[in-house]
Structures are given as C-alpha cells and as structure tokens.
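> My questions will all concern the structure given below.
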Amino acid sequence: MRTWCQTFYPANMKSNNLAKRTEYDVFNERLSLALCHRTKAEVSAILGVNPRTLRRWEVRQSRPEYHALDAYNRNLQRLLPFSQNENDSGSFRFIDLFAGIGGIRAAFEEIGGACVFTSEWDSYAQKTYAENWSNSHRIEGDITKIDVLDIPDHDVLLAGFPCQPFSIAGVSKKNALGRAHGFHDETQGTLFFDVCRIIEAKEPRAFLLENVKNLVSHDKGKTFSVIKRSLEDLGYNIYYRVIDGAHFVPQHRERIMIVGFREQVAFDFEAQSLPAKGQRTMKDILHKTDGSEPRLDHDGERFFDHKKNRVQPKYTLTDKLWEYLYNYAEKHRAKGNGFGYGLVYPDSVARTLSARYYKDGSEILVYQGARKNPRRLTPRECARLMGFPDSFRIPVSDTRAYKQFGNSVVVDVVRHVAKAMRPMLEVEVLQPELPLRRGTNT
Ligand SMILES: C[S@@+](CC[C@H](N)C(=O)[O-])C[C@H]1O[C@@H](n2cnc3c(N)ncnc32)[C@H](O)[C@@H]1O
C-alpha cells in the first residue's frame, strides 16, 4: 500500500505543471512532507511556533503571514530528508540547467539520481535531449525567464553555465545595502546570476557547476572570485578542481568542476584517484575498418559503410579545404607559431573538440595515409570521444551534432565527480541556520 507521503511527493515534485505555484503552495508542500518525516514537536520547534498553530496550518485553517514565509520555507527545506522515494526512478532529485544534450545528467542518473527539471533553450539540443532521456517533465527554455516557484524542490543542482564577464562597475552602494547576498549586485545580467537566484530560493543540498578551465583566469581572476564569493555568500562550502578528460577518453579537455555543499561535509576531490592520462587513445573511439564496427540501428549507414568497411567518404576533406588548412598551418609554422590543424593517429590523444568543429574540423583530423586527405571525425566518433555510449542517439544534422558534442562534457569526468559527491549527499540534515522572525505566526 502506498503511504500518503509516497503519493504526495511525486505528484507535487514531478508534475512540473506550469500553473503558477505560490510561496504558500511551496510552504504547504514542504510542511506536509516535513510532517511525514518528523514529529509535530520537532517541526513546531524548528519553526518556532506552538503545536496548535502548526496543527491549524496543517489542516489549512490558517496560514503564516506572508512576510515570514520565506524563513519558514527555508527551515522546512532543511528538514526535508535526502529524497528517497520508491516512486522516483532515483534516490535523489536533481535539476539539469544549461542541459545541452544531457552529458552531466548522464553521470548523475548513473549514480542514482532522478532528473525533475530541465532547462535548455536551443531547440536542436532539446531534440537530442528528448530523444535520449525519458522525462516526466517537459524541457523548459530560457532560464532567465523561469520563476523559481516553477522549479521543483531538488537535492542537487547541475549547471554547465556559459562564462560571461561580470560588470560590477556602477553598482551603487544604495543597491548593495540590505541585500542578503552579494550576487544580486555583482552578477546581475549574467547566466550565473540565474544559477545563484535558483540556489538562493531552492537551497539544494549540493550543486555541481562545470565550466572551461579559463574561468579561473578569466578577466584577470575577477570572474572566478565573484563566482566563489557569491556561492559562499549563499552559505555553501565550495570545492573546485580542473580535470582533464584525457584521464578517461583520448581527448585533452580541461574543465573546472565546482562543487558546493550546504552542509559541512568531508568532500575531497582527491578521495578517488584519477586513472593515468592517455590510457585510451584514438583507436578506442575511431570506427573500426577490420569488420568489427558494430552496426547501430539508430545510425544505420549514416557514418559508416558496413558493406565496404569504411567511414563514409563525405568525412574526408576536399582537396580545396585540405590545401587551405595545410598552407595556413605552414605559413604560421614559418613564423614560429603553433597554430594549425591537429592530425591524429591510432595512438594519439586528440586536442579539445570545440563547438566550431563543424566548420573545418581542423583541431582533430584523422590521418588516412599519405595518399589520402585526412578526414573529420564522424558525429558518432565525437560522441565516443565525449564518453557517450553507442546507445546515445544522434537525431540532428552533422553540423548540429558537432556543435552539441563540442559543447558537452566528458561524461566520465562528471561521473568521477558525481561518485565522489554521492556519499556526501547522505549526511544527516542539520539544525536550521537562519533565525526565524518571531511574532509572525497567526
Ligand atoms: C556549455 S553548454 C552545456 C552543455 C551540457 N553540459 C551538455 O552536456 O551537453 C551550455 C548550454 O546552455 C544553453 N543555454 C545558454 N543560455 C541559455 C539560457 N538562457 N537558457 C537555457 N539554456 C541556455 C546553450 O544552448 C548550451 O546548450
């Protein structure tokens, strides 16, 4: 028999219907859920109200005053258990922001999470995402337009947000006064601001933010210090580390992983050692021409001609393009610059696959012998280079697919971090940190 809790939680958390939820709806949901897991005495103590008031709120005979709701909601949120619900496919809930094609999601589903909200505004990325991930929620668009009240409660927030400079000039002192968190003024107008406003409102137990390595040095280090300060201001303990994809796949791809926990936890990036770099090389991801290339129903012959055992000829560079790339590189070499194409061989580790790969493919060109022009990777090979399994479907054009994989993450890198985060999500919920405003209960 399903308990009341089991029926209540998913209905509210997963439906994601976009009828406007009010802060009172959030309060009622959190109160009901807290009462599933804690005694009335515990809940009234944490809210600082007497049990009779609590009872009236529970049966909706009365409700808290509006100005106190925020504090009550925060403290109720702290009481909620680390989600464990048999009606979810996962043991914790996460949201997937700037979701792209779901590379970060892949790793967090693997460690037992259930995705309860997705935002990605590019319709082609949405198409790939929808084809590969089964959702009981729809994929939302522009995150800047989404009200936090429409985002379900969750344990973990995931975001590979685009890096933008913060222009903090012109912030008046007056503006800054009276704000609980500095990010309001320092990051306004950036997508990081949206990440912060969601963290502020939803207080997930943890988050993982992913970005390019240069985030640390961007704008002479100012960008990163604003990011770190903003997250710490929001009450989180922050850890970060640059990890190279070459530990797992044959691609140098250095990305910063920023992890935050609301509670004091013993998180340690070093807890699990990384495999040595370069153990996997291009031969592990290139199409096999010895007859062993698997035939994938969803790819058919799109990338590989299984009868002739060769990559489709359209991926070989035309004479014109190869000549151009070759001459361009020679010109720069003569001047002592290192610019140019990157040829890869079976034992190579490739350069970083970029979102511009569709243009000429120059950063990773597969050597095909002295008599033949090199070729680009096929989108399937790009998927493998990013750690996506062959079951991952590619329902968009090659151009779109190159962009999507070039924007994505090395799934194995995220898996590594997700596994280190997983035990930390189990720690006991602590006492509320924010003092409640007194004399506000009705
Ligand atoms: C660096 S990519 C992240 C890719 C993702 N981690 C993955 O594994 O595919 C950033 C994504 O954010 C999306 N994006 C940028 N601005 C957005 C916005 N305002 N609302 C929603 N998505 C946005 C882009 O379309 C892009 O797919």
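> Go through region 217-232 and count every residue that is closer than 23 Å to Val156 by Cα and either among the hydrophobic types (A, V, I, L, M, F, W, C) or in contact with a helix residue (DSSP H, G or I) (Cβ under 8 Å, 6 or more places away or on another chain) (or both).
Residues that pass the stated criteria total 6.
> Output yes when any residue across region 301-308 is farther than 18 Å from Pro374 by Cα, more than 36 Å from the chain's Cα centre (by Cα), of a type in the set (D, E, K, R) and part of a loop (DSSP other than H, G, I, E, B), and no when none is.
So far as region 301-308 goes, yes, one or more of its residues are farther than 18 Å from Pro374 by Cα, more than 36 Å from the chain's Cα centre (by Cα), of a type in the set (D, E, K, R) and part of a loop (DSSP other than H, G, I, E, B).
> Can you tell me which residue is surrounded by the most Cβ atoms within 10 Å (Cβ to Cβ) among those in region 244-299 that are out of contact with any strand residue (DSSP E or B) (no Cβ under 6 Å at 6 or more places or on another chain) and of a type in the set (Gly, Ala, Ser)?
Only one residue tops the list, namely Ala246.
> Something else now. Among the residues of region 106-131, count how many are at pLDDT below 95 and of a type in the set (S, T, N, Q).
Total satisfying the criteria: 0.
> Can you tell which of Phe108, Phe117 is within 15 Å of the ligand (Cβ to nearest atom), under 25 Å from Ala201 (Cβ atoms) and touching a Cys at 6+ places or on another chain (Cβ under 8 Å)?
Going through Phe108, Phe117 in turn, the sole match is Phe108.
> Condition (residue is at pLDDT 90 or above, part of a loop (DSSP other than H, G, I, E, B) and not hydrophobic (A, V, I, L, M, F, W, C)) applied to region 400-415: is it met by at least one residue?
Yes: region 400-415 contains one or more residues that are at pLDDT 90 or above, part of a loop (DSSP other than H, G, I, E, B) and not hydrophobic (A, V, I, L, M, F, W, C).
A quick yes/no check of all residues on (1) out of contact with any Asp or Glu (no Cβ under 8 Å at 6 or more places or on another chain); (2) assigned to a strand (DSSP E or B):
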site: Phe94; (1), (2): no, yes
site: Gly100; (1), (2): no, no
site: Ala106; (1), (2): yes, no
site: Ala114; (1), (2): no, yes
site: Phe117; (1), (2): no, yes
site: Ala125; (1), (2): yes, no
site: Thr128; (1), (2): yes, no
site: Asn135; (1), (2): yes, no
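> Okay, next question. Out of region 373-393, which residues are assigned to a loop (DSSP other than H, G, I, E, B) and in contact with a Ser or Thr (Cβ under 7 Å, 6 or more places away or on another chain)?
Asn373, Met386 - these are the residues of region 373-393 that are assigned to a loop (DSSP other than H, G, I, E, B) and in contact with a Ser or Thr (Cβ under 7 Å, 6 or more places away or on another chain).
> Just checking, which of Lys331, Lys359 is outside any loop (DSSP other than H, G, I, E, B), free of Cβ contacts under 8 Å to residues at least 12 places away in the same chain and within 33 Å of the chain's Cα centre (by Cα)?
Lys359
The values are calculated or read from the model by the stated rules, or taken from the named source; none is laboratory data. If you're wondering where the values come from, they're calculated on a predicted model, not measured in any experiment. Glycine also receives a Cβ, built like all others from the backbone with ideal geometry; neighbour counts cover every protein chain displayed.
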